[in-house]
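**Q** If you scroll down you'll find the structure; I have some questions about it.
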Amino acid sequence: MNAIRTLCFATAALSSYAALFYRLSQARRSWRDGAYRALIATLLLQCLTFTMGAVAMGGGSILGVGNLAILIMHLAAVAFCVAAQIILLRWAATDEAAARGTRYWLITGIVLDVLLTALFFLADGPGRPASDFDGTSRPLLLTYLLVFIVSQAVPCVTIYRQCGPYARMTDNASLRQALRMLSVAAVVLFLYCTARTVNILTLAAGVDIGAWKLASNIFSASGIVILSLSLINSLWGPPVSRLTDWARSYRSYRALHPLWRDLYEASPDIALEPPGPSVSDLNYRLHRRVVEIRDGWRDLRPYIDRETNAACVPGRMAGGETNGEAGAELRQAFAEAAQIRQALEAKRTGIVPDHSKDAGDFDDRDTDNFVAEVAWLTQVAAAYSKLSKAS
């Protein structure tokens, strides 16, 4: 069990040092920024907290004082939470509000650290077994542990409550992503506080919950890793965003294939170049696929019957059980898909319908940007595939 706890502390420490070293590489151009200096201070305290946690697992004393590593870890953790709150203020609040909030949190952090230090020595912390800091029935040491947990839980709640509104306020995509991840980290670290409280109180009551005691260490390490990633999102955020965009484009490209294939077979001239399996230069290929689907649709205009719609499609398939705007959009997608299928069949047989639709596009879904165009045509292609399977 101690090996797992040590691994959790080491994981949290390594993620903290990785974030610190990355941010220090930006010192030359960012040092004059107060938010940057607050970030460096936070990461230093974060590193100290989990380094002392790993050291404390080895037992022994520092400078001749027993359990001093535990005290330093707890004091650094309080300062770390205060610094994290200050970072959030400097990211999102006005200068005046940030300065006022910074003073409040600094005073709170100092008072908590003084209180914890006093309780540590009054409870004979240096002379107690290290296991007593997991949970004990001794009143002063129990008070020390509970004060520490409260000092960690309150910032988690305040950070979570602030991150959502701040993320919605900012136009900076990178900052918005960091704030959202910070809110996730706050939730996970609050779970750590909850699990740690359970550990303390059950041990104080003489109840052994076994391996469940490790939950607090796992939540702590996970929360710190997420927090560290949120603080260096400028490093990994852009590549991940590009990868996500590529995956989204690839899914759309594949989803449009059945509709494009049938339109291409009916009107081969819509393709600028022969089709192939390659997905290199995916953005270009997706643009071409959208253009070619539109061109194929226009070629079908003389064969489109205005009377054709999705009425013949079962209500569930056409979104009959879906209410509101989404349901109406889905029904329209099925109506468009049904018209395409009818028009392709009419063109194959050479039969022009009596109510030919010789003008227009996808009715009122003539979107004004490429992303919306892809989303709409993907819906039509999905409806088209469902109609083809049902026939």
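**Q** Given DSSP loops and a limit of at most 14 other Cβ atoms within 10 Å, what is the longest stretch of the chain that contains no such GluC sites (Glu not before Pro)?
**A** Details: sites that count: GLU307, GLU321.
After excluding every exposed loop site, the longest remaining stretch is 1-306.
**Q** Give the span of the range 26-167's Cα atoms along each principal axis, as three whole-Å numbers ordered largest to smallest.
**A** So the extents along the principal axes, rounded to whole Å, are 47, 32, 22.
**Q** Have a look at GLY127, LEU145, ALA41 and report the one farthest towards the positive end of the charge dipole of the chain, computed about the Cα centre with Cβ charges (Lys/Arg +1, Asp/Glu -1).
**A** GLY127
**Q** Work out the length of the dipole vector of the chain about its Cα centre, built from +1 on the beta-carbon of each Lys and Arg and -1 on the beta-carbon of each Asp and Glu, and round it to the nearest 20 debye. All intermediate terms of the calculation are to be shown ahead of the outcome.
**A** Numbers: 38 positive and 33 negative charges, 250 e Å.
Dipole about the Cα centre, nearest 20: 1200 debye.
**Q** What number, rounded to the nearest 500 deg cm²/dmol, is the helix-based mean residue ellipticity at 222 nm of the chain, given -39500 (n - 2.57) per DSSP H run of at least four residues and division by all its residues? Don't skip to the end; give the middle numbers.
**A** Values: 13 runs with 281 residues, N = 391.
When only DSSP H runs of four or more count, the value is -25000 deg cm²/dmol.
**Q** Oh, and also: What's the longest piece of the chain with no exposed trypsin sites (Lys or Arg not before Pro), counting a site as exposed if DSSP puts it in a loop and it has at most 12 other beta carbons within 10 Å?
**A** On the way: sites that count: ARG32, ARG316.
For trypsin sites (Lys or Arg not before Pro) (loop position, at most 12 other Cβ atoms within 10 Å), the longest site-free span of the chain is 33-315.
**Q** List the chymotrypsin sites (Phe, Trp or Tyr not before Pro) within the range 207-297 that fall in a DSSP loop (any state other than H, G, I, E or B) and whose Cβ has at most 14 other Cβ atoms within 10 Å. Don't jump to the answer; show the numbers that get you there.
**A** Values: sites: TRP212, PHE219, TRP236, TRP246, TYR250, TYR253, TRP260, TYR264, TYR284, TRP297; in loops: none.
Here no chymotrypsin sites (Phe, Trp or Tyr not before Pro) fit, given the DSSP loop and packing criteria.
**Q** Taking only the alpha carbons of the chain, what extent do you get along each of the three principal axes, in Å, biggest first?
**A** Largest first, the chain extends 96, 51, 39 Å along its Cα principal axes.
**Q** Shape verdict for the range 91-215, please, from the Cα gyration tensor: rounded (a/c under 1.5), prolate (a/b greater than b/c) or oblate. Walk me through the numbers on the way to the answer.
**A** On the way: a/c = 3.98, a/b = 1.73, b/c = 2.30.
Oblate, because a/c is 1.5 or more while a/b does not exceed b/c.
**Q** Further question: P(r) for the range 69-134: what percent of alpha-carbon pairs falls in each 5 Å bin, starting at zero?
**A** Reading the bins upward from 0: 3, 17, 22, 18, 13, 10, 8, 5, 3, 0.
**Q** I would also like to ask the following. Averaged across orientations, what area in nm² does the convex hull of the alpha carbons in the range 155-283 project?
**A** Values: hull surface 51.9 nm².
Mean orientational projected area (the range 155-283, Cα hull): 13.0 nm².
**Q** Using the alpha-carbon centroid of each, what span in Å lies between the range 39-55 and the range 217-287?
**A** Taking the Cα centre of the range 217-287 as reference, the centre of the range 39-55 is 37 Å away.
**Q** I need the helices of the chain that pass two filters: whole DSSP H segments spanning 18 Å or more by Cα along the axis, and mean Kyte-Doolittle score no lower than 0.0.
**A** Numbers: long enough: 2-24 (32 Å, 0.89); 34-56 (33 Å, 1.38); 68-92 (36 Å, 2.12); 95-122 (40 Å, 1.01); 139-169 (45 Å, 0.99); 173-204 (46 Å, 1.26); 215-231 (24 Å, 1.62); 233-255 (32 Å, -0.93); 282-299 (25 Å, -1.21); 324-349 (38 Å, -0.54); 370-390 (30 Å, 0.69).
Answer set is 2-24, 34-56, 68-92, 95-122, 139-169, 173-204, 215-231, 370-390.
**Q** Determine the share of the chain's accessible area contributed by carbon and sulfur atoms, expressed in whole percent, with a 1.4 angstrom probe. Walk me through the numbers before you get to the answer.
**A** On the way: 12090 of 20070 Å².
So the carbon and sulfur contribution to the accessible surface is 60 percent.
**Q** Going by a ≥ b ≥ c, the root eigenvalues of the Cα gyration tensor, does the range 1-108 fall in the rounded group (a/c under 1.5), the prolate group (a/b larger than b/c) or the oblate group? Each step should come with its number before you reach the end.
**A** Values: a/c = 2.63, a/b = 1.74, b/c = 1.51.
Judged from the Cα gyration tensor, the range 1-108 comes out prolate (a/c at least 1.5, a/b above b/c).
**Q** I've got another one for you. Can you work out the FRET efficiency for the pair ARG28 and THR170, with r the C-beta to C-beta distance and R0 = 22 Å, to the nearest 0.05?
**A** Numbers: r = 26 Å, r/R0 = 1.17.
Efficiency at R0 = 22 Å is approximately 0.30.
The values are calculated or read from the model by the stated rules, or taken from the named source; none is laboratory data. Please read all numbers here as calculations on a predicted model, not as lab measurements. With ideal geometry, Cβ positions are generated from the backbone for all residues, glycine too; neighbour counts draw on all protein chains shown. The area values use the complete protein model at the heavy-atom level, side chains included, leaving out ligands, DNA and RNA. Shrake-Rupley method; radii C 1.70, N 1.55, O 1.52, S 1.80 Å.
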